[in-house]
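Trainee: Okay, handing you the structure first.
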Amino acid sequence: MKRSQLTKEQKTKYCWDFSHLFKNENAWKQELNNCDSFVAKIVKLKGKLKDLKNFKTYLILNKELSLNLTKLSQYLHYSDLDQTNLTYQNLNNLFANKASNLSQQLSWTEPEIKTIGYQKIQQWLKVNPDLANYQHSMKVFFQFEKFILSEHDETLLSKVSKSRGAVGDLYDPLVFADKETIMIDYQKKNQELTQTLYLDILENTNPIKDQQLRIAVNKKFYQDIASKKHSLAQVYQGIIESSIEEIKVRNLENDKNLTPLTYSLLGDNVSLAVYQNLINVGHKYSYLVRDFYKIKKQFFKLKKFYATDASLKMASLPGQTYDIETATAIIKSVLSVLGSEYLEQLDLALLPGRIDYFEDTNKRTGAYSSGGDGVEPIILMNWDDTINSINTLGHELGHSVHTLLSEKHQVYPNNNYPIILAEVASTVNEHLIFDYLYNKASSKEEKIYLLQTHIETIIGTFFRQIQFAEFEWQAHKLVEQEEPLNADILADLYHNISNKYGQDVLDVVDPKQKHYHWPRVSHFFHSPFYVYKYATSITVSYKLYEDIKQGNKENLLNFLKSGGNDYPLAILKKAGVDLETINVYNPLVNNLESLLNQLKDLINTK
C-alpha cells in the first residue's frame, strides 16, 4: 500500500503528525527567528562568563537554544516524506543558514570557557547541585581544551566553514541528483534499473541460468558511479585533506600521533587500540565469511561463484505476509522479556503520529529513528508486509526506547547518548526477534530463509563495516603521507582490503577490470570513521543478548537508562561489557559459528 492511498482515518494511525511541534510552516519560521533572541542574550554575556552567576545563565540559555534547534530539526523530517517538496527544501536551507549564522555569533564561547579553566569549573560543579549534571560534558569539553583556538581564529574558521565543507556537499548531487536513469530489458519489458529491481535480480533470479544476467545487470547498475569515478575520487581526497588541515590548524602542541582518526576517537575516549583490535578480529575470523560463501556455492551447485551470486536467496517465503498490527504484536511479545518499564516506553514509541509506515513515490527509502533533547522519538518506515519489515521495525523501536529511557532517567545534557552506543539496543532487538521467529518456524524452508537473513545481517554489520573502517583508515594514511589519490588507487585499495574479509574466495569475472563500488558507501563522504561503531555496537549487543538469555535483563536496562552520563566505554563496563578486551568478541563469533552450523545441518552440507 502507498502512503498517498491511505484514508484520512488511516493517516491518523499510520502517518507522522508533528502538529504538536509546529502548527504550520509559518510557525516553524517564527520559531527559527526566535533563535536570534537566545543568541542575543548569550552574546551579552561575552567577557563575563568567569562570574558564576553569568556562567549559570549561559548554560540555561545554551540549553534552551539546543532544545529549540532540536525541535526545529525534528519538524524538517517531513521533507523525507516527499523529497521533491520545494517548501521543505526551502525550510532546510533556512535552517542551515541560520545554524551557520548562530555558530559564527557564538564562536567566542568555547575560547572563553577555556580561559575559566577546568579546575575552577570543577569547583563550581561540586558546590552547586544544580550544575551537577554538567560534570561529564565539562570533562569532555576540557579534553579538547588544547585544540580550542583563540576567539579570533575560531570566529575565522566558523566564517569559512561553509566553503570549506563545500567539497563534501558535492557527493549527493553527483551520486543522486545527477544520476542517470538506466533502463534494462527484463521479464519481457523495458524498465528502470532501480535499487529495488537490482536487489530483486541479485537475490531471486535462477542461480545457474541467470548467472550472466546478474553480472550484466551489476555492471549496468554501477556504470553511473563508474562514469564519475574521477570526480568522486577528487571529492573524497578533498574531504580527507580538509580533515587533515583541521588537525594541522588545531594541533598547537604539534602532537605527531594526532591524526583525523585519533582525533575522531577522542570525543568518545576510545583508544586507537580498540580500533586496531577490531580490525585484527575482523581478519582473524573472516574465515566465517568464507565458509558462508562456500555453503552457498555448494547449495546452488555453481562451478564459479561470483560476487553477483553472493546475494542469492537459498529459500523464499511466498505468500507469507505480515500487517502492521500482527508485526507489532510479535514485537511486543518478543520484548516482554525486558519487563514492564521497557514495555511502557515501547507503547509510547508506537503511539499514532510517531511512526510513518508506508512507502510512497518520492518518500525517502530505508528506515530510521530520530529523537532526543525534549522531542519524542519518531520512526520512518517503508512497510512491505515481509519478515524484513518486522525486523526493521523492531530495530528502530530499539532506538526509540533507548531514547525514551535516556530522557526519563537522565537530565540534559546527559540524556544524549553518543553514536557509538546507538546501535546496541536496536541489534539486541534483532537477535531476540530472530530467536522468536526461528523457534516458531514450521518449515525447513522458513528456517533456511531466517538463518540466511540473520547470518547476512551479522556479516554486513560486523565484517563489512570493519572492512569499510580499514579502507578509510588506509585512504587517510595515504593522504597524510602526501600521496595523491585517484580512482584506480582507491579501487585497488578497496579490492585488496575486501579480500582480507572473505572476498578472495569469490571468482573474478575479468581480472583486468577494476570495480568502483567504494563510492556507494556514503559514510566515507558524510561521516568519516563512523562505520566501525556499527561493528562495536553489534559486538556489545551479543554480550547483552547472552545476558538476557541467562535471565539477566538488568545489564541492558541499566545501559539504556545511562544515556550519555559517562564515556561510552565506561557505560559499557558498568553493563558488563569491556571493549578493550579481545574476549568481548566471543559471543558474536560463537553465535555466528552456531548459525552457520545450523544452516549446514538444514541443507545437508558439512
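The values are calculated or read from the model by the stated rules, or taken from the named source; none is laboratory data. The structure displayed is predicted, hence computed values, not measured ones. Neighbour counts run over all protein chains shown; Cβ positions are idealised from the backbone, glycine included. Note: areas computed on protein heavy atoms with side chains; ligands, DNA, RNA excluded. Shrake-Rupley method; radii C 1.70, N 1.55, O 1.52, S 1.80 Å.
Trainee: Send over the semi-axes of the stretch 359-470's equivalent ellipsoid, whole angstrom and largest first, taken as the square roots of 5 times the C-alpha gyration tensor eigenvalues. Numbers along the way, then the final one.
Mentor: Details: eigenvalues 151, 58, 47 Å².
Over the Cα atoms of the stretch 359-470, the semi-axes work out to 27, 17, 15 Å.
Trainee: Show me, bin by bin at 5 Å from 0, the whole-percent P(r) of the stretch 549-606 based on Cα pairs.
Mentor: Result, from short to long distances: 4, 16, 17, 17, 16, 10, 8, 7, 4, 1 percent.
Trainee: Can you tell me the dipole magnitude for the stretch 1-158 around its Cα centre, using point charges on the Cβ only (Lys, Arg +1; Asp, Glu -1), in Debye to the nearest 20?
Mentor: Details: 22 positive and 16 negative charges, 85 e Å.
In total the dipole reaches around 420 debye.
Trainee: Then there is this: Over the stretch 379-424, what lengths in whole Å, largest first, do the semi-axes of the equivalent ellipsoid take, defined as the square roots of 5 times the eigenvalues of the alpha-carbon gyration tensor? Mind showing how you got there, number by number?
Mentor: Working: eigenvalues 136, 19, 11 Å².
For the stretch 379-424, the semi-axes come out at 26, 10, 8 Å.
Trainee: Could you tell me the center-to-center distance, by alpha carbons, between the stretch 235-286 and the stretch 297-327 in angstrom?
Mentor: Between the Cα centre of the stretch 235-286 and that of the stretch 297-327, the gap is 38 Å.
Trainee: May I pose another question? Classify the stretch 500-553 from the C-alpha gyration tensor, please: rounded if a/c falls under 1.5, else prolate or oblate depending on whether a/b exceeds b/c. Don't jump to the answer; show the numbers that get you there.
Mentor: Details: a/c = 5.38, a/b = 1.93, b/c = 2.80.
Oblate, because a/c is 1.5 or more while a/b does not exceed b/c.
Trainee: For the stretch 120-254, list log₁₀ I(q)/I(0) at each q in 0.17 Å⁻¹, using the Debye formula over Cα point scatterers of equal strength and ignoring solvent, two decimals each.
Mentor: Here the Debye-derived log intensity ratios amount to -0.99.
Trainee: What size of dipole, in debye to the nearest 20, comes out for the stretch 506-572 about its Cα centre when the only charges are +1 on Lys and Arg C-beta atoms and -1 on Asp and Glu C-beta atoms? Write out the running numbers ahead of the final one.
Mentor: Values: 8 positive and 6 negative charges, 35 e Å.
Magnitude of the dipole: close to 160 debye.
Trainee: Something else about it: Relative to 2.2 N^0.38 Å, what does the C-alpha radius of gyration of the stretch 1-124 come to as a ratio? Two decimals please. If you can, show how the numbers build up before the last one.
Mentor: Values: Rg = 19.4 Å, N = 124, 2.2 N^0.38 = 13.7 Å.
Normalised Cα radius of gyration, the stretch 1-124: 1.41.
Trainee: Over the alpha carbons of the stretch 420-527, what is the largest minus smallest coordinate on each principal axis, giving the biggest first in Å?
Mentor: 57, 37, 19
Trainee: For the ranges 280-290, 80-90, 421-431, what's the packing order if you count other beta-carbon atoms within 10 Å of each residue, average per peptide, and put the highest first? If you can, show how the numbers build up before the last one.
Mentor: On the way: 280-290: 17.6, 80-90: 14.2, 421-431: 25.0.
Answer by packing, highest mean first, reads 421-431, 280-290, 80-90.
Trainee: What is the Cα coordinate range of the stretch 265-307 on the first, second and third principal axes, sorted by size from largest, in whole angstrom?
Mentor: The Cα atoms of the stretch 265-307 stretch 49, 16, 12 Å along the principal axes, largest first.
Trainee: Sticking with this one: Which one of Gln195, Leu266, Ile148 is farthest out on the positive end of the charge dipole of the chain, using unit charges on Cβ (Lys, Arg +1; Asp, Glu -1) and the Cα centre as origin?
Mentor: Value computed over the given set: Leu266.
Trainee: Give or take rounding to whole Å, what are the principal axis extents of the alpha carbon atoms in the stretch 165-318, in descending order?
Mentor: If we take the Cα atoms of the stretch 165-318, the spans are 65, 40, 27 Å.
Trainee: Return the distance in nm (one decimal) between the two label points of a simple spin-label model at Ser163 and Thr262, each offset 7 Å from Cα along Cα→Cβ.
Mentor: Modelled inter-label distance: 3.2 nm.
Trainee: Within the chain, which DSSP H helices have Cα atoms that stretch 27 Å or more along the helix axis and a mean Kyte-Doolittle hydropathy of at least -1.0? Provide the component values of the computation, followed by the final result.
Mentor: Numbers: long enough: 25-43 (28 Å, -0.44); 52-75 (35 Å, -0.20); 86-105 (29 Å, -0.70); 229-250 (32 Å, -0.23); 387-409 (33 Å, -0.30); 419-440 (34 Å, 0.50).
Qualifying helices, which must be both long enough and hydrophobic enough, are 25-43, 52-75, 86-105, 229-250, 387-409, 419-440.
Trainee: Taking K and R as +1 and D and E as -1, what net charge do the other residues with C-beta under 11 Å from the C-beta of Asn128 add up to?
Mentor: On the way: positive: Lys53, Lys56, Lys126; negative: Asp130.
So the environment of Asn128 carries a net charge of +2.
Trainee: May I ask you to give the solvent-accessible area per residue for the stretch 221-373, in square angstrom, as obtained with a 1.4 angstrom probe?
Mentor: Values: 6890 Å² over 153 residues.
About 45 Å² of surface per residue is accessible.
Trainee: Follow-up. Amide H to amide H, which residues 5 or more places from Tyr186 or on other chains are under 5 Å from it, using H placed in the peptide plane?
Mentor: Gln191
Trainee: Enumerate the amide H contacts of Tyr368 below 5 Å, restricted to partners 5 or more residues apart or on another chain; note that Pro and chain-start residues carry no placed amide H.
Mentor: Here the answer is Leu380, since their amide H atoms fall under 5 Å of that of Tyr368.
Trainee: If you take the charge dipole of the stretch 311-424 about its Cα centre, with +1 on Lys and Arg Cβ and -1 on Asp and Glu Cβ, which of Gly371, Ile420, Gly353 is farthest toward its positive end?
Mentor: Ile420
Trainee: Over the Cα atoms of the stretch 301-377, how large are the radius of gyration and the largest Cα-Cα distance (Dmax), in Å?
Mentor: Spelled out, the Cα radius of gyration and Dmax of the stretch 301-377 are 18.6, 57 Å.
Trainee: Another question, then. Among residues other than Lys98 whose Cβ falls under 12 Å from its Cβ, what is the net charge (Lys/Arg +1, Asp/Glu -1)? It would help to have the intermediate numbers written out before the result.
Mentor: On the way: positive: Lys29; negative: Glu31, Asp36.
Charge balance in the 12 Å sphere: -1.
Trainee: When all alpha-carbon pairs of the stretch 488-606 are counted, what percent fall beyond 19 Å?
Mentor: 64 percent
Trainee: Set Lys and Arg Cβ to +1 and Asp and Glu Cβ to -1, take the dipole of the chain about its Cα centre, and tell me which of Phe18, Gln598, Ile215 lies farthest positive.
Mentor: Towards the positive end, the residue furthest out is Gln598.
Trainee: Still on this structure, please answer the following. Treat every Asp and Glu Cβ in the chain as -1 and every Lys and Arg Cβ as +1, leave all other atoms uncharged, and give the resulting dipole magnitude about the Cα centre to the nearest 20 debye. Mind showing how you got there, number by number?
Mentor: Numbers: 69 positive and 72 negative charges, 51 e Å.
Roughly 240 debye, rounded to the nearest 20.
Trainee: What is the percent carbon and sulfur in the accessible area of the stretch 432-507, measuring with a 1.4 Å probe over the protein chains and ignoring ligands? Mind showing how you got there, number by number?
Mentor: Working: 1290 of 2950 Å².
C and S fraction of accessible area: 44 percent.
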